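**Q** Can you read through this structure? Questions will come right after.
Each reported figure results from applying straightforward, stated rules to the coordinates on display, with no laboratory input. The shown structure was predicted, so the numbers you read here are calculated from the model rather than taken from an experiment. Every residue, glycine as well, gets a Cβ built from its backbone with ideal geometry; the counts of neighbours run over all protein chains shown.
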Amino acid sequence: MRRYPGKIIKEAMGNLNSKAATNLYPAAPSIVTKGYRGKLNYNSKACTGCKLCVRDCPAKAIEIVNVGADGEKIFECHLDLGHCIFCGQCADVCPKKCLKVTNEFELATTDKSTLNINLKEV
């Protein structure tokens, strides 16, 4: 195998005037592509409590809890963002489309306790 030490210089000089491949995030807003799967939104009014989303979640990151008193069916969605793999299976399997994936991606935190969120309403 022959080596050409000057080849890298030619490549570097050619890239000096080309457009950058990265963006200026967070200084400039980031563009989210179509089909991006971010944080979930939950519509508790449409939820029937079937828990298909819980059964279908490969990471076991979602839990549907009945918080209604006296047999009243009012549901809350508890989501563990630390376990969620953002696959969108829960939103795909929901028959009432109570769960929807959003474009929200800024979920980083230094406090683990904030990763367990309660999705009460959209």
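**Q** Of Lys96, Lys34, Lys19, which is the most mobile in a GNM of the chain whose springs link Cα atoms less than 10 angstrom apart?
**A** Looking only at Lys96, Lys34, Lys19, the largest GNM fluctuation is found for Lys19.
**Q** Which of Phe105, Phe75, Phe86 comes first, and how do the rest follow, when ranked by fewest Cβ neighbours within 10 Å?
**A** Phe105, Phe86, Phe75
**Q** For the range 5-70, state the average projected area of the convex hull of the C-alpha atoms over all orientations, rounded to one decimal in nm².
**A** Result: a mean projected hull area of 10.0 nm².
**Q** Convert each backbone phi in the range 65-73 into a coupling constant with the Karplus relation 6.51 cos²θ - 1.76 cosθ + 1.60 (shift: θ = phi - 60°), then list the ³J(HN,Hα) values in order as whole Hz, x for Gly and Pro.
**A** 10, 7, 10, x, 8, 6, x, 5, 9
**Q** Then there is this: Would you look at the GNM of the chain, springs on alpha carbons closer than 10 Å, and say which of Ala108, Ala46, Ala28 moves the most?
**A** Comparing Ala108, Ala46, Ala28 in the GNM, the peak value goes to Ala28.
**Q** Tell me, Ile117, Ile9 in order of fewest to most beta-carbon neighbours within 10 Å?
**A** Ascending Cβ contact count within 10 Å gives the list Ile9, Ile117.
**Q** Counting other Cβ atoms within 10 Å, which GluC sites (Glu not before Pro) in the range 17-122 have at most 15 and lie in a DSSP loop?
**A** Passing sites in the range 17-122 are Glu72, Glu104, Glu106, Glu121.
**Q** Then there's this: Figure the gain on full extension for Ile74 and Thr33 (residue separation times 0.36 nm, minus the Cα-Cα span) and round it to one decimal in nm.
**A** Contour length minus Cα-Cα distance gives 11.3 nm.
**Q** Another one. Check cross-link reach from Lys34 to the lysines: straight Cα distance under 30 Å, and skip same-chain residues fewer than eight apart.
**A** Lys19, Lys45, Lys51, Lys60, Lys96, Lys97, Lys100, Lys112, Lys120
**Q** Please find, in a Gaussian network model of the chain (springs between Cα atoms separated by less than 10 Å), the residue of Asn43, Asn15, Asn66 whose mean-square fluctuation is greatest.
**A** Top of the fluctuation ranking is Asn15.
**Q** So for the chain, averaging the separation of alpha carbon pairs under 8 Å that are six or more residues apart and normalising by length, what relative contact order in percent results?
**A** Relative CO of the chain lands at 30 percent.
**Q** Sticking with this one: Quick one: pull the percentage of alpha-carbon pairs in the chain with a separation above 21 Å.
**A** 54 percent
**Q** Calculate for the chain the 222 nm mean residue ellipticity that helices alone would give, adding -39,500 (n - 2.57) per DSSP H run of length 4 or more and normalising by residue count, nearest 500 deg cm²/dmol.
**A** -3500 deg cm²/dmol
**Q** I need the phi-derived Karplus couplings for the range 111-116: 6.51 cos²θ - 1.76 cosθ + 1.60, θ = phi - 60°, integer Hz, Gly and Pro marked x.
**A** Those phi angles translate into 10, 4, 5, 7, 7, 8 Hz.
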